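The values are calculated or read from the model by the stated rules, or taken from the named source; none is laboratory data. What you are looking at is a predicted structure, and each value in this text was computed from that prediction instead of being measured. For neighbour counting, all protein chains shown are included, and Cβ atoms are generated from backbone atoms with ideal geometry for every residue, glycine included. The area values use the complete protein model at the heavy-atom level, side chains included, leaving out ligands, DNA and RNA. Shrake-Rupley method; radii C 1.70, N 1.55, O 1.52, S 1.80 Å.
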Amino acid sequence: STFAGLELRNIGPAFNSGRVSDFAVHPDAHHIIYAATASGGLWKTTNAGTTWKPIFDKEGSYSIGCVTLDPTNPNVVWVGTGENNSQRSVAFGDGVYKSLDGGQNWENVGLEKSEHIGMITIDPRNPDVLYASSYQRRRHVWTLIDGGPESAIYKSTDAGATWRKLTEGLPKVDMGKIGLAVSPANPDFIYAIVEAQRDKG
């Protein structure tokens, strides 16, 4: 009965048909939140969502796939452009951006032709070790190819100069979307959620 009069309310930032693709919360100041939108840029609130300000309007992409704060310095903001959705109207981006001042100024730091960046994780131990997942898809009005032999997990130990495909323990059939997470407590533990054929996911 204490909370009976409270209702959830939309605090934005979104319009009709808008898609919020990711958000990041300042670890020490929880009223500072960044919201990445699939087709509306990056937004920031400094008052716990009461008001929002667009902070990515002058950059090269309006489509955002992910936003991440450096846990050791939350003023360092990383943005991956290109929404991570499987739709006919999906928009692509122009690489990875980095801000050193909480989103006031941005620099494009590479991967301009990657089109879609769905996740950025800050190294807890060794910056030369990278993991990446690929998702084979083709979406048209008349068909959807939702996975295939090109969906995979890759690992680099030389900061991305070379990559090898990981197969041990993964489904042997065609895979679809793959989500990855690295344990911050022990980076030797990698978690993957995998779509796969014939209930093998």
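See the values below:
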| item | result |
| --- | --- |
| Packing rank of 163-175, 62-74, 40-52, 143-155, where each peptide gets the mean count of other beta carbons within 10 Å, highest leading | 62-74, 40-52, 143-155, 163-175 |
| Accessible surface, the chain, averaged per residue in Å² (probe 1.4 Å) | 64 Å² |
| Selected from GLY118, GLY147, PRO187, residue furthest toward positive end of dipole (region 115-191; charges at beta carbon) | GLY147 |
| Whole-Hz couplings from phi, Karplus 6.51/-1.76/1.60, listed for region 99-116; x for Gly and Pro | 10, 9, 10, x, x, 6, 10, 10, 9, 6, 10, x, 6, 4, 9, 6, 6, 9 |
| Solvent-accessible area, 1.4 Å probe, carbon plus sulfur percent, for the chain | 51 percent |
| Debye log10 I(q)/I(0) for region 29-104, one point scatterer per Cα, at q = 0.13, 0.19, 0.25, 0.27 Å⁻¹ | -0.37, -0.75, -1.17, -1.29 |
| Total charge dipole magnitude, region 93-201, about the Cα centre, Cβ charges on Lys, Arg, Asp, Glu only, Debye to nearest 20 | 440 debye |
| For SER21, distant residues with modelled amide H under 5 Å away | ALA36, THR37, ALA38 |
| Region 147-196-region 79-97 distance, computed between alpha-carbon centres (Å) | 20 Å |
| Gyration tensor over alpha-carbon atoms, region 121-170, equivalent ellipsoid semi-axes in Å | 28, 12, 9 |
| Partner lysines for LYS58 [C-alpha distance under 29 Å; skip if fewer than 8 residues away on the same chain] | LYS44, LYS98, LYS113 |
| Prolate/oblate/rounded label for region 78-132 (Cα gyration tensor, a/c 1.5) | oblate |
| Positive minus negative residues near GLU107 (Lys, Arg vs Asp, Glu; Cβ under 14 Å) | -2 |
| Label-to-label distance, nm, for residues given as SER134 and LYS113 (7 Å Cα→Cβ offset) | 1.4 nm |
| Shape category assigned to region 146-201 from the gyration tensor of Cα positions, a/c cut at 1.5 | oblate |
| Region 82-200, Rg to Rh (Cα coordinates; Rh as Kirkwood inverse mean 1/r) | 0.99 |
| Cα point-scatterer Debye curve for the chain, base-10 log of I(q)/I(0) at q = 0.12, 0.15, 0.17 Å⁻¹ | -0.70, -1.04, -1.25 |
